[in-house]
1. Does VAL86 fit the bill of being aliphatic (A, V, I, L, M), touching a Cys at 6+ places or on another chain (Cβ under 8 Å), on the phi < 0 side of the Ramachandran plot and at pLDDT 90 or above?
2. Taking LEU97, is it in contact (Cβ under 8 Å) with a residue 12 or more places away in the chain and surrounded by fewer than 20 Cβ atoms within 10 Å (Cβ to Cβ)?
3. In this structure, is ALA160 closer than 23 Å to ALA250 by Cβ and among the small types (Gly, Ala, Ser)?
4. Run down GLU38, GLU68 and say which single residue is closer than 30 Å to ALA274 by Cα, among the acidic types (Asp, Glu) and either part of a helix (DSSP H, G or I) or at pLDDT 75 or above (or both).
5. Please go through segment 224-252 and give me each residue that is of a type in the set (Val, Ile, Thr) and in contact (Cβ under 8 Å) with a residue 40 or more places away in the chain, ordered by number.
6. Just to check your reading of the model, which residue among LEU143, LEU133, LEU157, LEU148 is touching a Lys or Arg at 6+ places or on another chain (Cβ under 8 Å) and crowded, with 17+ Cβ neighbours inside 10 Å?
7. Of a type in the set (Asp, Glu), in contact with a helix residue (DSSP H, G or I) (Cβ under 7 Å, 6 or more places away or on another chain) and either over 17 Å from GLU266 (Cβ atoms) or surrounded by 20 or more Cβ atoms within 10 Å (Cβ to Cβ) (or both): does that describe GLU121?
8. Quick check, is ARG109 surrounded by fewer than 17 Cβ atoms within 10 Å (Cβ to Cβ) and over 15 Å from PHE82 (Cβ atoms)?
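The values are calculated or read from the model by the stated rules, or taken from the named source; none is laboratory data. Because the structure is a prediction, the values reported are computed rather than measured. Cβ atoms come from the backbone with ideal geometry, glycine included; neighbour counts cover every protein chain shown.
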Amino acid sequence: MDLQGIGALGAVLVAAVGIPATILVGRWQTRAALRSAEATSQAGIAQAEATYRAALDQAAAQTTAAHEQWRRGIRRDAWAAFLLAVEDAVSSGHSALNGTDEDLPALRRAMKTTLVVLELEGPPPVVEAAKLLRLKCNDYLELVNGDLLASRAWHALESAAQEERENLSGDAATPVHDAEVALSTLASLMHGVRGAAGGQDFVLWGLDPNEEPEAVYERTEQTHTAAASALAACPAVSAAQARTLLHDAAHGGRFEMGQQAHDSLEFLDQARAAFLEAARAQLDTTQ
């Protein structure tokens, strides 16, 4: 074989070896490209999933914030409605004491209705403060109602006494006059007993310092019974008014009602301040 043949044979051998090598290198490159594409694809999918989750989280956060804002508004409206119902009741109580005809039972129902809504909305600290405020408001309205009943009963008795004074001469003994005297005697005696019991001077309160406590008690009972009998015989007042007058005179209603109302309003103001503090604290934590 000459040199030309040897060269041709070498070329054939080189070609035979080079083709598989080229194919092998191509496969490696293809696999590398596929792996790179797969990695890129997975990274893209992961990025897309992260973006999607971030969007979901943002949407959830916005939804939660919107819901909390809505809930906060609902609660605030419920609290405000209850507070306004209390203010209306207290204001009407003031007006009733000044002679205005007010529907106090309806105002109490309004307080109860708004409190029920408030209890549903919560939260517990505000609910407890609201219950205390309603209790103190009802205590004040009870005093107002008692004062109204007593005022109307006294007015009925005093009107009858005035009519008698205009139609009769002198201090004639009539059932109305007897009832007035008996109530005045009872009120003065009980006022003195309360003052003496509080450590005051017996003489100052019209009592005998040498009188035994049992004797004072017996005299008190007799005076109370006499007043009850005088009222029962008085046609100017009803049985219910007679009971109110007797209770008012015995317990110093006209002497103590003003102080009781003052104390009740102080307690009411304290309960109102506590309610506002609880409501504001809740609003601050939900902003």
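1. Values: aliphatic (A, V, I, L, M): yes; touching a Cys at 6+ places or on another chain (Cβ under 8 Å): yes; on the phi < 0 side of the Ramachandran plot: yes; at pLDDT 90 or above: yes.
So VAL86 fits the description; yes.
2. Numbers: in contact (Cβ under 8 Å) with a residue 12 or more places away in the chain: yes; surrounded by fewer than 20 Cβ atoms within 10 Å (Cβ to Cβ): yes.
Yes, satisfied.
3. Values: closer than 23 Å to ALA250 by Cβ: yes; among the small types (Gly, Ala, Ser): yes.
So ALA160 fits the description; yes.
4. Values: GLU38 fails: closer than 30 Å to ALA274 by Cα.
Matching residue, one of GLU38, GLU68: GLU68.
5. We begin by selecting, within segment 224-252, every residue of a type in the set (Val, Ile, Thr); these are 225, 237, 244.
Once the filter is applied, which keeps residues that are of a type in the set (Val, Ile, Thr) and in contact (Cβ under 8 Å) with a residue 40 or more places away in the chain, segment 224-252 yields VAL237, THR244.
6. Details: LEU143 fails: touching a Lys or Arg at 6+ places or on another chain (Cβ under 8 Å); LEU157 fails: touching a Lys or Arg at 6+ places or on another chain (Cβ under 8 Å); LEU148 fails: touching a Lys or Arg at 6+ places or on another chain (Cβ under 8 Å).
After ruling out the rest, the residue left standing is LEU133.
7. On the way: of a type in the set (Asp, Glu): yes; in contact with a helix residue (DSSP H, G or I) (Cβ under 7 Å, 6 or more places away or on another chain): yes; either over 17 Å from GLU266 (Cβ atoms) or surrounded by 20 or more Cβ atoms within 10 Å (Cβ to Cβ) (or both): yes.
It is true that GLU121 is of a type in the set (Asp, Glu), in contact with a helix residue (DSSP H, G or I) (Cβ under 7 Å, 6 or more places away or on another chain) and either over 17 Å from GLU266 (Cβ atoms) or surrounded by 20 or more Cβ atoms within 10 Å (Cβ to Cβ) (or both).
8. Values: surrounded by fewer than 17 Cβ atoms within 10 Å (Cβ to Cβ): yes; over 15 Å from PHE82 (Cβ atoms): no.
So ARG109 does not fit the description; no.
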